[in-house]
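The values are calculated or read from the model by the stated rules, or taken from the named source; none is laboratory data. In this text, all values refer to a predicted model and were calculated from it rather than measured experimentally. Using ideal geometry, Cβ is built from the backbone for each residue, glycine included, and neighbour counts are taken over all protein chains shown. Surface areas here come from the heavy atoms of the whole protein model, side chains and all, with no ligands, DNA or RNA. Shrake-Rupley method; radii C 1.70, N 1.55, O 1.52, S 1.80 Å.
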Amino acid sequence: MNRQLARISVAAIAGLAMLLVACTDEPGTPTAGSTPTTTADSSTTSAKPDAGALADVKPCDLLTSSEATGLNLTSPGEPDRVGGTDACDWSESGNGGLIIGVNPTRGIEDLDYRGEKTSPIKIGKYDATKVESHKGAKYVCHVVISVSNSSSVQAIGTLKATSTDTVAACERATKAAELIAPKLP
């Protein structure tokens, strides 16, 4: 295996592992006929959709091929399932990539970002959280869109594993999140 392919494989595995860590399943199994519930948040002026609103959202449908090209991603997104979460992975030879994860039953508070460098941002009409250098990896940045208190969409921008350009990884994740937000319920 040549070195570049090995680096790409390491970067892809690291990105998927980070998504897995951030999206660890909670115990319990959904049952047929269960109805998601929502609670009103008195601090907001409009109601957020319930967790069921993301149930039919396919991560690979959230970016068109021209939008992916605008993010310097030329490979088509590949559907995946990581940590019980539907995901789509765009990997680029020598250029990192992007992972989109749809969490219909996990909001930002359900994802493990304790001890991480986080900052609140706004993506379209949604509150979001930017997580720089997740788990110390300077080539990774997460942008988590809070669709509701109990659902979210993650845009995880990555660069090649030897990169220390967190700003560029965050630019990729933020631009992807901005393209995704108008397509969310």
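Tell me, yes or no, whether segment 106-120 has at least one residue that is more than 17 Å from residue 168 (Cβ to Cβ), surrounded by 19 or more Cβ atoms within 10 Å (Cβ to Cβ) and charged (D, E, K, R).
yes
Matching residues to (1) without any contact (Cβ under 8 Å) to a residue 12 or more places away in the chain; (2) assigned to a strand (DSSP E or B); (3) of a type outside the set (Asp, Glu); (4) closer than 20 Å to residue 72 by Cβ:
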position	(1), (2), (3), (4)
113	no, no, yes, no
144	no, yes, yes, no
160	no, no, yes, yes
164	no, no, yes, yes
169	no, no, yes, yes
176	no, no, yes, yes
185	no, no, yes, no
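Has segment 90-100 got any residue that is open to solvent by 40 Å² or more (accessible area, probe 1.4 Å) and over 24 Å from residue 165 (Cα atoms)?
Checked against the condition, which is being open to solvent by 40 Å² or more (accessible area, probe 1.4 Å) and over 24 Å from residue 165 (Cα atoms), segment 90-100 yields no hits at all.
Of all residues in segment 36-89, which are within 13 Å of the chain's Cα centre (by Cα) and either at pLDDT below 85 or exposed (fewer than 13 other Cβ atoms within 10 Å of the Cβ) (or both)?
Those that are within 13 Å of the chain's Cα centre (by Cα) and either at pLDDT below 85 or exposed (fewer than 13 other Cβ atoms within 10 Å of the Cβ) (or both): 58, 81, 82, 83.
What are the pairs with Cβ atoms under 8 angstrom where one residue, in segment 54-81, is more than 22 Å from residue 103 (Cα to Cα) and assigned to a loop (DSSP other than H, G, I, E, B) and the other, located anywhere, is open to solvent by 90 Å² or more (accessible area, probe 1.4 Å) and modelled with pLDDT of 90 or more? Sequence gap at least six, or different chains.
Correct list of pairs: 71/175.
For residue 134, work out the one condition from (1) at pLDDT below 95; (2) open to solvent by 10 Å² or more (accessible area, probe 1.4 Å); (3) more than 21 Å from residue 69 (Cβ to Cβ) it doesn't fulfil.
(2)
Give just the number: which of (1) surrounded by fewer than 24 Cβ atoms within 10 Å (Cβ to Cβ); (2) farther than 19 Å from residue 63 by Cα does residue 140 not satisfy?
(1)
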